Amino acid sequence: MTVRVADPDDHLAVMRLLDAAMLEANAAAVEARIEAGDVLVAVEEGRVLGAAVLEPLDDGVFLRSIAVRRARRGNGIGTALVDRATRRHGRLTAEFDERVRPFYASMDFEMERLSDDRFRGSTGDDL
């Protein structure tokens, strides 16, 4: 498996992953992020297994969405995407639900509770 910057041909696969993960994503906004080089994809044998949509911030990037094919979850794909984003941009910030908190905790995100079931977390150093 390799993690690379998405190209325009990956748009449909990225949208399908986000939709399957029940994440809200505007197709035009995702397309713009792909054009800006702010979407990473995990690919194996030509098939997109995971995607991370990033949004630049002054002090790193915001992880807008991350999704991995259901059958491939738990195999390090999401971690590889987050690792690549952190190595590329430094500080990575995300907001997420309680149900995925263990995923972010496993990568040593510093977390703060936003509400009963929402968190904000960050990791990485400024480059």
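Tell me, yes or no, whether the range 6-21 has at least one residue that is under 18 Å from Thr123 (Cα atoms) and among the acidic types (Asp, Glu). Lay out the reasoning, then the answer.
Applying the first criterion (under 18 Å from Thr123 (Cα atoms)) to the range 6-21 yields none.
Checked against the condition, which is being under 18 Å from Thr123 (Cα atoms) and among the acidic types (Asp, Glu), the range 6-21 yields no hits at all.
Confirm whether Glu31 is surrounded by 14 or more Cβ atoms within 10 Å (Cβ to Cβ), of a type outside the set (A, V, I, L, M) and closer than 21 Å to Thr123 by Cα.
Values: surrounded by 14 or more Cβ atoms within 10 Å (Cβ to Cβ): yes; of a type outside the set (A, V, I, L, M): yes; closer than 21 Å to Thr123 by Cα: no.
Answer is no for this residue.
Return yes when Gly74 is modelled with pLDDT under 95, small (Gly, Ala, Ser) and closer than 17 Å to Thr2 by Cα and no when it is not. Quick ask: steps written out before the conclusion?
Working: modelled with pLDDT under 95: yes; small (Gly, Ala, Ser): yes; closer than 17 Å to Thr2 by Cα: yes.
For Gly74, the condition - modelled with pLDDT under 95, small (Gly, Ala, Ser) and closer than 17 Å to Thr2 by Cα - is met.
Just to confirm my filter: which strands (runs of 3 or more DSSP E) fall fully inside the range 58-127 and include at least 1 residues that are in contact with an Asp or Glu (Cβ under 7 Å, 6 or more places away or on another chain) and over 17 Å from Glu44 (Cβ atoms)? Even if it seems obvious, please write down each step before you answer.
On the way: elements: 60-68, 92-97, 110-113, 118-123.
Where strands (runs of 3 or more DSSP E) fall fully within the range 58-127 and carry at least 1 residues being in contact with an Asp or Glu (Cβ under 7 Å, 6 or more places away or on another chain) and over 17 Å from Glu44 (Cβ atoms), they are 60-68, 92-97, 118-123.
Looking for something under 20 Å from Arg87 (Cα atoms) and touching a residue at least 40 places away in the same chain (Cβ under 8 Å) - is there at least one such residue anywhere in the range 27-37?
No.
Assess whether Leu81 counts as being modelled with pLDDT of 95 or more, open to solvent by less than 40 Å² (accessible area, probe 1.4 Å) and either under 25 Å from Arg113 (Cα atoms) or not aliphatic (A, V, I, L, M) (or both). Don't jump to the end; show me each part of the working.
On the way: modelled with pLDDT of 95 or more: yes; open to solvent by less than 40 Å² (accessible area, probe 1.4 Å): yes; either under 25 Å from Arg113 (Cα atoms) or not aliphatic (A, V, I, L, M) (or both): yes.
When the stated conditions are applied, Leu81 passes them.
Are there any pairs with C-beta distances below 6 angstrom linking a residue in the range 5-22 that is part of a helix (DSSP H, G or I) to a residue that is acidic (Asp, Glu), with the two at least 6 apart or on different chains, and if so which?
Qualifying pairs under 6 Å: His11/Glu31.
Residue by residue through the range 38-71, note down the ones that are open to solvent by 70 Å² or more (accessible area, probe 1.4 Å) and free of Cβ contacts under 8 Å to residues at least 40 places away in the same chain.
Scanning the range 38-71 gives Glu45, Gly46, Arg47, Pro56, Leu57, Asp58, Arg64, Ala71.
The values are calculated or read from the model by the stated rules, or taken from the named source; none is laboratory data. These figures come from a predicted structure and were not determined experimentally. FYI the Cβ positions are ideal-geometry reconstructions off the backbone, even for glycines, and counts take in every protein chain you see. All accessible areas refer to the heavy atoms of the entire protein, side chains included, with ligands and DNA or RNA removed. Shrake-Rupley method; radii C 1.70, N 1.55, O 1.52, S 1.80 Å.
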